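*Asks:* Pasting a structure below so you can have a look.
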Amino acid sequence: MANLPRYGPVGLHDPQQEVRVWLHGLDEPLDVTRNNVVAALRPFTIGVMLGPALPRDLHLRPLRLCMHERGGAEELLGAIHLRLVRSIPLPDRHLCLFEPARFENRCVGALRLAGYDLYEKARGYLRQRRNRYNFLMTPADIRCSHVFYLCPRPVVLVSVEHEDAGNLFPMDLIGPTDSPWYTMALRSTSPAVRLMQQSRRMALASVPLSWKAVAYELGKHHRKTHIDWDALGFPTVRSPLFGLRVPAAMRVREVTVKEFHEVGSHILFITTIESEELPDRARELQLFHSFSSYRNYLRQEASVKDLSPAFPPAA
Ligand SMILES: Cc1cc2nc3c(=O)[nH]c(=O)nc-3n(C[C@H](O)[C@H](O)[C@H](O)COP(=O)(O)O)c2cc1C
(Lines give C-alpha, C1' and ligand atoms only; values in the text may rest on other atoms or scores of the structure.)
Protein backbone atom coordinates (compact mmCIF):
# COMPACT_ATOMS: atom_id res chain seq x y z
CA MET A 1 0.00 0.00 0.00
CA ALA A 2 1.34 3.44 -0.94
CA ASN A 3 2.53 5.53 1.99
CA LEU A 4 0.87 8.79 0.93
CA PRO A 5 0.93 12.05 2.92
CA ARG A 6 -2.31 13.00 4.61
CA TYR A 7 -3.50 16.00 6.62
CA GLY A 8 -6.83 15.64 8.40
CA PRO A 9 -8.84 14.54 11.42
CA VAL A 10 -7.73 11.69 13.68
CA GLY A 11 -9.08 10.27 16.92
CA LEU A 12 -6.68 10.19 19.88
CA HIS A 13 -6.73 10.27 23.62
CA ASP A 14 -5.94 13.71 25.03
CA PRO A 15 -3.11 14.53 25.68
CA GLN A 16 -1.76 12.85 22.55
CA GLN A 17 1.02 10.30 23.04
CA GLU A 18 2.03 9.87 19.40
CA VAL A 19 4.69 12.52 18.93
CA ARG A 20 7.23 14.27 21.15
CA VAL A 21 8.48 17.76 20.29
CA TRP A 22 11.95 18.97 21.25
CA LEU A 23 13.36 22.48 21.01
CA HIS A 24 17.07 22.30 20.17
CA GLY A 25 19.52 25.20 20.26
CA LEU A 26 19.19 26.33 23.88
CA ASP A 27 21.87 25.17 26.34
CA GLU A 28 19.96 21.88 26.77
CA PRO A 29 17.29 20.31 24.53
CA LEU A 30 13.86 21.30 25.91
CA ASP A 31 10.82 19.02 25.73
CA VAL A 32 8.14 21.38 24.36
CA THR A 33 5.54 18.75 23.47
CA ARG A 34 2.98 20.76 25.46
CA ASN A 35 4.55 24.11 24.69
CA ASN A 36 4.41 24.89 20.96
CA VAL A 37 1.45 26.74 19.49
CA VAL A 38 0.38 28.56 16.34
CA ALA A 39 0.26 32.35 16.80
CA ALA A 40 -0.71 33.24 13.20
CA LEU A 41 -1.10 31.57 9.82
CA ARG A 42 0.10 34.45 7.64
CA PRO A 43 2.98 34.60 8.13
CA PHE A 44 3.06 31.19 9.75
CA THR A 45 4.16 32.02 13.31
CA ILE A 46 4.92 29.60 16.10
CA GLY A 47 4.88 30.46 19.81
CA VAL A 48 6.98 28.80 22.52
CA MET A 49 6.94 29.93 26.16
CA LEU A 50 10.47 30.48 27.51
CA GLY A 51 12.07 32.15 30.46
CA PRO A 52 11.71 33.88 32.86
CA ALA A 53 15.16 35.05 31.65
CA LEU A 54 15.96 34.71 27.95
CA PRO A 55 19.48 34.14 26.62
CA ARG A 56 20.72 37.51 25.30
CA ASP A 57 21.72 35.93 22.01
CA LEU A 58 18.42 34.08 21.51
CA HIS A 59 17.89 35.75 18.12
CA LEU A 60 21.27 34.39 16.95
CA ARG A 61 20.82 30.82 18.14
CA PRO A 62 20.12 28.07 15.60
CA LEU A 63 16.85 27.01 17.21
CA ARG A 64 14.83 24.16 15.76
CA LEU A 65 11.63 22.38 16.66
CA CYS A 66 12.02 18.62 16.15
CA MET A 67 9.07 16.25 15.92
CA HIS A 68 9.92 12.70 16.99
CA GLU A 69 7.78 9.62 16.94
CA ARG A 70 7.13 8.49 20.51
CA GLY A 71 8.22 5.03 21.57
CA GLY A 72 10.16 2.66 19.36
CA ALA A 73 13.14 4.27 17.68
CA GLU A 74 11.93 7.82 18.47
CA GLU A 75 12.55 8.54 14.81
CA LEU A 76 12.78 12.17 13.63
CA LEU A 77 9.63 12.89 11.58
CA GLY A 78 10.35 16.51 10.74
CA ALA A 79 11.99 19.73 11.89
CA ILE A 80 11.32 23.46 11.68
CA HIS A 81 14.29 25.84 11.93
CA LEU A 82 13.15 28.93 13.79
CA ARG A 83 13.85 32.65 13.49
CA LEU A 84 12.90 34.77 16.50
CA VAL A 85 10.63 37.62 15.39
CA ARG A 86 9.16 38.89 18.65
CA SER A 87 8.93 38.14 22.34
CA ILE A 88 5.89 39.05 24.42
CA PRO A 89 6.89 39.65 28.04
CA LEU A 90 4.49 38.17 30.61
CA PRO A 91 4.77 38.56 34.40
CA ASP A 92 6.81 35.36 34.79
CA ARG A 93 7.93 34.37 31.29
CA HIS A 94 8.27 35.35 27.64
CA LEU A 95 6.09 34.08 24.85
CA CYS A 96 8.64 33.87 22.04
CA LEU A 97 7.29 34.08 18.50
CA PHE A 98 9.17 32.49 15.64
CA GLU A 99 8.81 32.31 11.90
CA PRO A 100 10.23 29.32 10.05
CA ALA A 101 13.63 29.84 8.43
CA ARG A 102 13.43 26.42 6.76
CA PHE A 103 11.88 23.07 7.48
CA GLU A 104 12.06 19.42 6.55
CA ASN A 105 9.32 16.81 6.43
CA ARG A 106 10.64 13.27 6.74
CA CYS A 107 7.23 11.70 7.11
CA VAL A 108 7.01 10.45 3.51
CA GLY A 109 9.12 10.67 0.36
CA ALA A 110 9.89 13.99 -1.38
CA LEU A 111 8.05 13.07 -4.59
CA ARG A 112 4.82 12.24 -2.79
CA LEU A 113 5.11 15.42 -0.72
CA ALA A 114 5.51 17.42 -3.95
CA GLY A 115 2.31 15.77 -5.27
CA TYR A 116 0.51 16.65 -2.05
CA ASP A 117 1.66 20.29 -2.40
CA LEU A 118 0.00 20.47 -5.81
CA TYR A 119 -3.19 19.04 -4.35
CA GLU A 120 -3.13 21.68 -1.55
CA LYS A 121 -2.49 24.44 -4.09
CA ALA A 122 -5.52 23.39 -6.13
CA ARG A 123 -7.66 23.25 -2.99
CA GLY A 124 -6.55 26.76 -1.97
CA TYR A 125 -7.36 28.04 -5.43
CA LEU A 126 -10.86 26.53 -5.34
CA ARG A 127 -11.54 27.93 -1.87
CA GLN A 128 -10.42 31.36 -3.03
CA ARG A 129 -12.70 31.15 -6.06
CA ARG A 130 -15.65 30.14 -3.88
CA ASN A 131 -15.11 33.08 -1.57
CA ARG A 132 -12.52 35.69 -2.48
CA TYR A 133 -12.28 36.80 1.15
CA ASN A 134 -11.07 33.32 2.02
CA PHE A 135 -7.78 33.07 3.69
CA LEU A 136 -4.79 31.96 1.63
CA MET A 137 -1.53 30.81 3.20
CA THR A 138 1.63 30.87 1.10
CA PRO A 139 2.63 27.45 -0.33
CA ALA A 140 5.80 27.44 1.82
CA ASP A 141 3.76 28.22 4.97
CA ILE A 142 1.33 25.41 4.13
CA ARG A 143 4.22 22.95 3.77
CA CYS A 144 5.69 24.19 7.05
CA SER A 145 2.33 23.88 8.81
CA HIS A 146 2.28 20.24 7.71
CA VAL A 147 5.55 19.70 9.57
CA PHE A 148 4.06 21.49 12.60
CA TYR A 149 0.99 19.22 12.42
CA LEU A 150 3.17 16.09 12.48
CA CYS A 151 2.36 16.58 16.17
CA PRO A 152 -1.44 16.12 16.44
CA ARG A 153 -3.36 19.18 17.67
CA PRO A 154 -6.74 18.93 19.43
CA VAL A 155 -9.92 20.70 18.26
CA VAL A 156 -12.18 22.48 20.78
CA LEU A 157 -15.55 24.20 20.55
CA VAL A 158 -15.28 27.74 21.89
CA SER A 159 -18.27 29.41 23.56
CA VAL A 160 -18.27 33.16 23.92
CA GLU A 161 -21.05 35.59 24.84
CA HIS A 162 -21.12 39.33 25.28
CA GLU A 163 -24.27 41.36 25.97
CA ASP A 164 -26.87 39.99 23.54
CA ALA A 165 -24.41 38.35 21.09
CA GLY A 166 -22.81 34.94 21.34
CA ASN A 167 -21.08 32.29 19.28
CA LEU A 168 -19.91 28.68 19.35
CA PHE A 169 -17.21 27.69 16.86
CA PRO A 170 -14.31 25.25 16.48
CA MET A 171 -10.67 26.18 17.01
CA ASP A 172 -7.42 24.26 16.74
CA LEU A 173 -4.87 27.11 16.84
CA ILE A 174 -4.85 26.76 20.59
CA GLY A 175 -2.67 25.29 23.20
CA PRO A 176 -1.01 24.94 26.49
CA THR A 177 2.45 26.43 26.99
CA ASP A 178 3.71 24.33 29.91
CA SER A 179 2.83 27.28 32.14
CA PRO A 180 -0.34 28.90 33.50
CA TRP A 181 -0.72 30.59 30.07
CA TYR A 182 -2.95 29.13 27.35
CA THR A 183 -3.06 30.68 23.89
CA MET A 184 -5.76 30.96 21.23
CA ALA A 185 -5.19 32.44 17.74
CA LEU A 186 -8.23 33.70 15.86
CA ARG A 187 -8.23 35.36 12.45
CA SER A 188 -8.45 39.11 12.99
CA THR A 189 -11.37 39.35 10.55
CA SER A 190 -13.48 36.90 12.59
CA PRO A 191 -16.48 38.66 14.19
CA ALA A 192 -15.92 36.58 17.35
CA VAL A 193 -12.67 38.49 18.03
CA ARG A 194 -14.69 41.43 19.33
CA LEU A 195 -16.75 39.18 21.62
CA MET A 196 -13.57 37.63 23.02
CA GLN A 197 -11.91 41.01 23.52
CA GLN A 198 -14.94 42.52 25.23
CA SER A 199 -16.18 39.63 27.39
CA ARG A 200 -12.61 38.44 28.19
CA ARG A 201 -13.94 34.99 29.04
CA MET A 202 -14.53 31.83 27.03
CA ALA A 203 -15.39 28.17 27.59
CA LEU A 204 -13.53 25.52 25.58
CA ALA A 205 -15.23 22.15 25.13
CA SER A 206 -13.11 19.23 23.92
CA VAL A 207 -14.59 17.46 20.90
CA PRO A 208 -15.12 13.68 20.91
CA LEU A 209 -14.22 12.10 17.57
CA SER A 210 -17.88 11.11 17.15
CA TRP A 211 -18.67 14.86 16.92
CA LYS A 212 -16.36 15.40 13.93
CA ALA A 213 -19.17 16.28 11.49
CA VAL A 214 -20.77 18.66 13.98
CA ALA A 215 -17.46 20.41 14.65
CA TYR A 216 -16.86 20.99 10.92
CA GLU A 217 -20.42 22.19 10.41
CA LEU A 218 -19.88 24.71 13.22
CA GLY A 219 -16.90 26.04 11.21
CA LYS A 220 -19.52 28.18 9.40
CA HIS A 221 -20.01 30.12 12.64
CA HIS A 222 -16.58 31.69 12.14
CA ARG A 223 -18.25 34.07 9.69
CA LYS A 224 -21.20 34.96 11.98
CA THR A 225 -21.58 37.84 14.40
CA HIS A 226 -24.02 35.85 16.57
CA ILE A 227 -25.85 32.52 16.49
CA ASP A 228 -29.23 31.06 17.46
CA TRP A 229 -28.37 28.74 20.37
CA ASP A 230 -31.75 26.99 20.13
CA ALA A 231 -31.04 25.91 16.53
CA LEU A 232 -27.80 24.07 17.33
CA GLY A 233 -29.44 20.62 17.28
CA PHE A 234 -27.72 19.34 20.43
CA PRO A 235 -28.22 20.05 24.13
CA THR A 236 -26.18 22.69 25.90
CA VAL A 237 -25.58 23.29 29.59
CA ARG A 238 -24.11 26.28 31.43
CA SER A 239 -20.40 26.20 32.21
CA PRO A 240 -19.75 26.09 35.97
CA LEU A 241 -17.86 29.38 36.46
CA PHE A 242 -18.94 31.81 33.74
CA GLY A 243 -22.36 30.31 32.89
CA LEU A 244 -21.55 30.13 29.16
CA ARG A 245 -23.54 27.72 27.00
CA VAL A 246 -21.43 24.63 26.18
CA PRO A 247 -22.29 21.24 24.61
CA ALA A 248 -23.49 18.87 27.36
CA ALA A 249 -21.21 16.21 28.88
CA MET A 250 -17.89 17.38 27.45
CA ARG A 251 -14.58 18.27 29.02
CA VAL A 252 -14.87 22.01 29.56
CA ARG A 253 -12.11 24.48 30.39
CA GLU A 254 -13.01 28.07 31.18
CA VAL A 255 -10.42 30.71 30.41
CA THR A 256 -9.92 34.39 31.15
CA VAL A 257 -8.27 36.64 28.57
CA LYS A 258 -5.25 38.39 30.12
CA GLU A 259 -3.81 39.95 26.97
CA PHE A 260 -4.34 39.96 23.24
CA HIS A 261 -1.92 40.91 20.49
CA GLU A 262 -2.11 41.33 16.75
CA VAL A 263 0.25 38.82 15.14
CA GLY A 264 0.10 38.89 11.33
CA SER A 265 -3.26 37.57 10.20
CA HIS A 266 -4.45 36.61 13.68
CA ILE A 267 -5.27 37.99 17.10
CA LEU A 268 -3.35 36.01 19.67
CA PHE A 269 -5.25 35.70 22.95
CA ILE A 270 -3.17 34.92 26.02
CA THR A 271 -5.45 33.39 28.59
CA THR A 272 -5.32 31.49 31.86
CA ILE A 273 -7.43 28.43 32.70
CA GLU A 274 -9.79 29.20 35.58
CA SER A 275 -11.78 25.96 35.82
CA GLU A 276 -11.77 22.51 34.31
CA GLU A 277 -14.39 19.75 34.29
CA LEU A 278 -13.47 16.26 33.16
CA PRO A 279 -16.54 14.01 32.72
CA ASP A 280 -16.17 10.33 31.65
CA ARG A 281 -16.94 11.38 28.09
CA ALA A 282 -13.57 13.17 27.94
CA ARG A 283 -11.88 9.77 28.13
CA GLU A 284 -13.25 8.85 24.70
CA LEU A 285 -11.13 9.41 21.62
CA GLN A 286 -11.02 13.12 20.86
CA LEU A 287 -10.85 14.98 17.56
CA PHE A 288 -7.34 16.05 16.58
CA HIS A 289 -5.84 17.46 13.39
CA SER A 290 -2.67 15.84 12.22
CA PHE A 291 -0.35 15.48 9.24
CA SER A 292 1.03 12.01 8.87
CA SER A 293 1.39 9.22 6.42
CA TYR A 294 -1.70 7.43 5.16
CA ARG A 295 -0.29 4.20 6.61
CA ASN A 296 -0.26 5.78 10.07
CA TYR A 297 -3.79 7.03 9.56
CA LEU A 298 -5.07 3.54 8.69
CA ARG A 299 -3.36 2.13 11.76
CA GLN A 300 -5.19 4.68 13.92
CA GLU A 301 -8.49 4.06 12.14
CA ALA A 302 -8.19 0.33 12.92
CA SER A 303 -7.99 1.15 16.62
CA VAL A 304 -11.00 3.51 16.33
CA LYS A 305 -13.28 0.98 14.58
CA ASP A 306 -14.86 -0.27 17.81
CA LEU A 307 -15.70 3.25 18.89
CA SER A 308 -19.39 3.50 19.74
CA PRO A 309 -20.38 6.96 20.99
CA ALA A 310 -22.47 7.16 24.18
CA PHE A 311 -25.03 9.30 22.36
CA PRO A 312 -24.36 10.33 18.79
CA PRO A 313 -25.02 14.04 18.31
CA ALA A 314 -27.72 15.25 15.95
CA ALA A 315 -25.81 16.20 12.80
C1 LIG B 1 -12.28 22.39 12.98
C2 LIG B 1 -11.99 23.84 12.69
C3 LIG B 1 -11.04 24.51 13.46
C4 LIG B 1 -10.76 25.87 13.20
N5 LIG B 1 -9.85 26.52 13.98
C6 LIG B 1 -9.61 27.84 13.76
C7 LIG B 1 -8.71 28.56 14.62
O8 LIG B 1 -8.16 28.02 15.58
N9 LIG B 1 -8.49 29.88 14.33
C10 LIG B 1 -9.09 30.52 13.28
O11 LIG B 1 -8.85 31.71 13.06
N12 LIG B 1 -9.97 29.86 12.48
C13 LIG B 1 -10.23 28.54 12.70
N14 LIG B 1 -11.13 27.89 11.89
C15 LIG B 1 -11.82 28.65 10.84
C16 LIG B 1 -11.42 28.31 9.44
O17 LIG B 1 -10.07 28.61 9.23
C18 LIG B 1 -12.31 29.10 8.47
O19 LIG B 1 -12.09 30.46 8.63
C20 LIG B 1 -13.77 28.88 8.73
O21 LIG B 1 -14.02 27.50 8.81
C22 LIG B 1 -14.62 29.52 7.61
O23 LIG B 1 -14.14 29.06 6.40
P24 LIG B 1 -14.99 29.17 5.06
O25 LIG B 1 -15.15 30.65 4.82
O26 LIG B 1 -14.13 28.48 4.02
O27 LIG B 1 -16.27 28.44 5.32
C28 LIG B 1 -11.43 26.55 12.15
C29 LIG B 1 -12.39 25.85 11.39
C30 LIG B 1 -12.67 24.54 11.66
C31 LIG B 1 -13.72 23.83 10.83
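The values are calculated or read from the model by the stated rules, or taken from the named source; none is laboratory data. From a predicted model like this one, the values you see are computed outputs, not experimental measurements. Please note: Cβ atoms are built from the backbone with ideal geometry, for glycine as well, and neighbour counts cover all protein chains shown. Remember, those area values only see protein heavy atoms, side chains included, never the ligands or the DNA or RNA. Shrake-Rupley method; radii C 1.70, N 1.55, O 1.52, S 1.80 Å.
*Asks:* Once fully extended, how much extra length lies between residue 117 and residue 234, figured as 0.36 nm per residue of separation less the alpha-carbon to alpha-carbon distance? Each step should come with its number before you reach the end.
*Replies:* Working: separation 117, 0.36 × 117 = 42.12 nm, distance 3.72 nm.
Full extension of this stretch gives 38.4 nm more.
*Asks:* Could you grab the relative contact order for the chain? Cα pairs under 8 Å, six or more apart, rounded to a whole percent. Mind dumping the intermediate values first?
*Replies:* Details: 676 pairs, mean separation 74.2, N = 315.
About 24 percent, as a whole number.
*Asks:* Volume per residue, Å³, of the convex hull around the alpha-carbon atoms of segment 223-266?
*Replies:* Values: hull volume 5.7 nm³, N = 44.
In segment 223-266, the Cα hull volume divided by residue count equals 130 Å³.
*Asks:* Just read off the accessible area of residue 172 with the full protein assembly in place, 1.4 Å probe, to the nearest 10 Å².
*Replies:* 30 Å²
*Asks:* How big is the accessible area of residue 245 in square angstrom, nearest 10, if you roll a 1.4 angstrom probe over the protein chains?
*Replies:* 60 Å²
*Asks:* Please quote Rg/Rh for segment 1-42 to two decimal places, taking the Kirkwood radius as Rh and restricting both calculations to Cα atoms. List each step's numbers first, then the result.
*Replies:* Numbers: Rg = 14.3 Å, Rh = 13.5 Å.
For segment 1-42, the value is 1.06.
*Asks:* Oh, and also: If you project the alpha carbons of the chain onto their three principal axes, what span does each projection cover, largest first, in Å?
*Replies:* 50, 50, 41
*Asks:* Over segment 229-295, what per residue volume does the convex hull of the Cα atoms give, in whole Å³? Don't skip to the end; give the middle numbers.
*Replies:* Values: hull volume 11.9 nm³, N = 67.
Per residue, the Cα convex hull of segment 229-295 comes to 178 Å³.
*Asks:* While we're looking at this one, here's another question. Which whole-percent values make up P(r) of segment 187-278 when all C-alpha to C-alpha distances are grouped in 10 Å steps starting at zero?
*Replies:* Binned Cα distances yield the sequence 15, 44, 38, 4.
*Asks:* Please report how far the C-alpha centroid of segment 165-236 lies from that of segment 246-285, rounded to the nearest whole angstrom.
*Replies:* 9 Å
*Asks:* In nm, to one decimal, how far is the modelled label at residue 217 from the one at residue 17, with both set 7 Å along Cα→Cβ?
*Replies:* 3.3 nm
*Asks:* Can you give the FRET efficiency for residue 274 and residue 163, using 1/(1 + (r/R0)^6), R0 = 22 Å, r = Cβ-Cβ distance, to the nearest 0.05?
*Replies:* Efficiency, rounded to the nearest 0.05: 0.60.
*Asks:* Okay, next question. Show 149, 125, 7 ordered by accessible area, largest first, where the area counts protein heavy atoms only and the probe is 1.4 Å. All intermediate terms of the calculation are to be shown ahead of the outcome.
*Replies:* Values: 149 15, 125 135, 7 75 Å².
If we order 149, 125, 7 from most to least accessible, we get 125, 7, 149.
*Asks:* Here is a follow-up. Averaged over all directions, how much area does the convex hull of the C-alpha atoms of segment 37-186 cover when projected, in nm²? Present the calculation step by step, with values, prior to reporting the outcome.
*Replies:* Values: hull surface 47.7 nm².
Across all orientations, segment 37-186 yields a mean hull projection of 11.9 nm².
*Asks:* How large is the charge dipole for the chain, taken about the Cα centre, if only the Cβ atoms of Lys, Arg (+1) and Asp, Glu (-1) carry charge, to the nearest 20 debye? Walk me through the numbers before you get to the answer.
*Replies:* Working: 40 positive and 33 negative charges, 226 e Å.
In total the dipole reaches around 1080 debye.
*Asks:* Mind checking the full-extension length gain between residue 289 and residue 130? Use 0.36 nm per residue of separation minus the Cα-Cα distance, one decimal, nm. The partial results should precede the final answer.
*Replies:* Numbers: separation 159, 0.36 × 159 = 57.24 nm, distance 2.36 nm.
Full-extension gain reported as 54.9 nm.
*Asks:* Around residue 155, with a cut-off of 14 angstrom between Cβ atoms, what is the net charge of the other residues, counting Lys and Arg +1 and Asp and Glu -1? Write out the running numbers ahead of the final one.
*Replies:* Numbers: positive: 153, 212, 251, 253; negative: 14, 172, 217, 284.
Combined, the nearby Lys, Arg, Asp and Glu give 0.
*Asks:* Quick one: pull the percent of accessible area on segment 1-54 belonging to carbon and sulfur, 1.4 Å probe, ligands and nucleic acids left out. The partial results should precede the final answer.
*Replies:* Numbers: 1230 of 2250 Å².
Solvent-exposed carbon and sulfur of segment 1-54 make up 55 percent of the total.
*Asks:* Give the Rg/Rh ratio for segment 143-214, taking Rg as the radius of gyration of the Cα atoms and Rh as the Kirkwood radius, to two decimals.
*Replies:* On the way: Rg = 13.5 Å, Rh = 13.7 Å.
That ratio equals 0.99.
*Asks:* State in Å² the accessible area per residue of the chain; use a 1.4 Å probe, count heavy atoms of protein chains only, and round to the nearest integer. Numbers along the way, then the final one.
*Replies:* Details: 15130 Å² over 315 residues.
I get 48 Å² per residue for this part.
*Asks:* Sorted by accessible area (1.4 Å probe), largest first, how do 293, 87 line up? Intermediate values should be presented prior to the final figure.
*Replies:* Details: 293 10, 87 45 Å².
Heavy-atom accessible area, descending, gives 87, 293.
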